[in-house]
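Read through the structure below, which is laid out as structure tokens, and then see the notes.
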Amino acid sequence: MKRTAAILLFTLGAILGITAPAPADGVQAGGDVHVAQTLGDRDLTVIIRRVAEVPGPVHVDVVTHAGSPPGEITLTARAAGAGTSTAKVVLGATPGFYSGVVRVDRPGPWELAVDEATIPFVVPALVSSPWENATYGGFIAAGVLLFVALLLAVFGKPGLAIVPSAGMIAAIAVGVTAALLSPSIPPVAAPGTQLDPTYDNVNDPYQRTSTTDFSRPPVNLVPAVKGGDLVLNLTDGSSGRPVDDLLVHDSAFVHLVVVSPAGHLRHLHPIRTAPGEYRARLRDAEQGTHAIAAEIARRGGGVQLLRSSVEVSGTATAQANDGRAALATEIREAGRPSTIRADFGERDLQPWLGMLGHMIVVGPISGNAVNAPILAHVHSMIPPTPGLPDKPDESVAAYGPDVPFTYSFPLPGKYLVWVQAERDYSIVTVPAVVDVPAPKGVSEK
């Protein structure tokens, strides 16, 4: 009996000496959601902060930029089958951060309305993975069986103690195996990134779901001008139904580039006003044919660039992008990487759309930009800086002065280039014209 009890106590020591299992790979609380919005005459960034507990508050920051008029906006959180929560945010005349708080009462798909704009977002559930349950379940079962085996050994029934002892060893094996294998098991796709989020699969992401969610055909873009707004209608290329599964891609649902007949650039972020409908205000638009390109990311369909054109019957005169920065270019022949470096003079740039800078490329130009075969959106990444956060928001003004870009112009010819960065909550747009030579031995036609 003493020998059996000693063996059992040694096993208990082994259990207590086992390293704690690795953290679960289950669905974790998501990070902040940053969404740029061209809301009427305002250029805003709406930040939906990470939800810490449910039910509980959702903190929303609204970042205004230079030129955005002051006033009051209404935030409304709503979900199917749940109540609504409303908050008022008063935007001041000074650009910067303004905050509001709404509440959610359950995990699942939600929608934040910012006046007439609607932003879908997901309130995650804290769900244990099957291997986490196996790890802790195995160790708990082993502890219970150990206690039973000790009782049997103490009361003089060592023969019967063999049964719970064997079960304890099996339970330990299950727990240890699950703990060792869990770091190498990829997490399940969180609803909202690859799968359409529903109340059921947010609360149980390990349930079986249809693989058809992972395949989405290309999107059709039909633009129109209505009442001074550029309206984008997005439809599924297969079914013709409205597309309502866009993901936040580089801090926006839609990155809309509009190039006027005179070569004036607008980089807008249309608001979602209905399923498959996005709109943005065209202020002081000039008359003529405008080239447009919408960069989107569709759930399960990857990033897509949709191009079209639209006729505008505006009365404004042509406007020039007049941002100031010293541009240094190293333009190589078509097909080889070229470098464009903008020097903004001071180390006071802010991140915009999660990047240090943006460069829009249109060309080769032969008349109107509508006919240009190439339209590209190039990024300059935020450099890692000691003492600053890995993913800074627009409240951090400590970058620059250099903003470098690398891009391979695919065709020879003249390109229109715009470099954009943020300073003092104002988007600075610096235009340039770049001549790209043909590869040696290849004549231009």
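The values are calculated or read from the model by the stated rules, or taken from the named source; none is laboratory data. Quantities reported herein were computed from a predicted structural model and do not represent experimental measurements. All Cβ positions, even for glycine, are placed from backbone atoms using ideal geometry, and neighbour counts span all protein chains on display. Side chains are part of the model used for accessible areas, which takes the heavy atoms of the whole protein and leaves out ligands, DNA and RNA. Shrake-Rupley method; radii C 1.70, N 1.55, O 1.52, S 1.80 Å.
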Of the numbered conditions (1) open to solvent by 30 Å² or more (accessible area, probe 1.4 Å); (2) assigned to a strand (DSSP E or B), I296 satisfies every one except a single condition; which is it? (1)
Counted residues in region 409-445 being within 32 Å of the chain's Cα centre (by Cα) and closer than 25 Å to P261 by Cα come to 19
I'd like to check something: does region 142-162 contain any residue that is open to solvent by less than 40 Å² (accessible area, probe 1.4 Å), without any contact (Cβ under 8 Å) to a residue 60 or more places away in the chain, of a type outside the set (S, T, Y) and out of contact with any Asp or Glu (no Cβ under 6 Å at 6 or more places or on another chain)? no
Could you count how many residues in region 267-288 are assigned to a strand (DSSP E or B) and open to solvent by 30 Å² or more (accessible area, probe 1.4 Å)? 5
Scanning region 397-445 residue by residue, those among the small types (G, A, S) and either open to solvent by 30 Å² or more (accessible area, probe 1.4 Å) or farther than 20 Å from T45 by Cβ (or both) turn out to be A397, S408, G413, S426, A432, A438, G441, S443
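Conditions (1) surrounded by fewer than 13 Cβ atoms within 10 Å (Cβ to Cβ); (2) touching a residue at least 60 places away in the same chain (Cβ under 8 Å); (3) farther than 13 Å from V54 by Cβ; (4) of a type in the set (A, V, I, L, M), marked per residue:
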position	(1), (2), (3), (4)
H65	no, yes, yes, no
S68	no, no, yes, no
L75	no, no, yes, yes
T86	no, no, yes, no
V89	no, no, yes, yes
G92	yes, no, yes, no
Y98	no, no, yes, no
V104	no, no, no, yes
G108	no, yes, no, no
Is one or more of the residues making up region 243-265 part of a strand (DSSP E or B), under 20 Å from the mean Cα position of the chain (by Cα), buried (at least 17 other Cβ atoms within 10 Å of the Cβ) and of a type in the set (D, E)? no
Among (1) part of a helix (DSSP H, G or I); (2) without any contact (Cβ under 8 Å) to a residue 24 or more places away in the chain - the single one I172 does not satisfy: (2)
If a residue must be closer than 12 Å to D245 by Cα and open to solvent by 40 Å² or more (accessible area, probe 1.4 Å), how many such residues does region 182-199 contain? 3
L282 - would you say it is of a type outside the set (D, E) and touching a residue at least 60 places away in the same chain (Cβ under 8 Å)? no
Filter region 71-89 down to the residues that are not in a loop (DSSP other than H, G, I, E, B) and not polar (S, T, N, Q) and list them by number. G71, E72, I73, L75, A77, R78, A87, K88, V89
Subset tally (residues that are part of a loop (DSSP other than H, G, I, E, B), touching a residue at least 40 places away in the same chain (Cβ under 8 Å) and open to solvent by less than 50 Å² (accessible area, probe 1.4 Å)) for region 307-330: 3
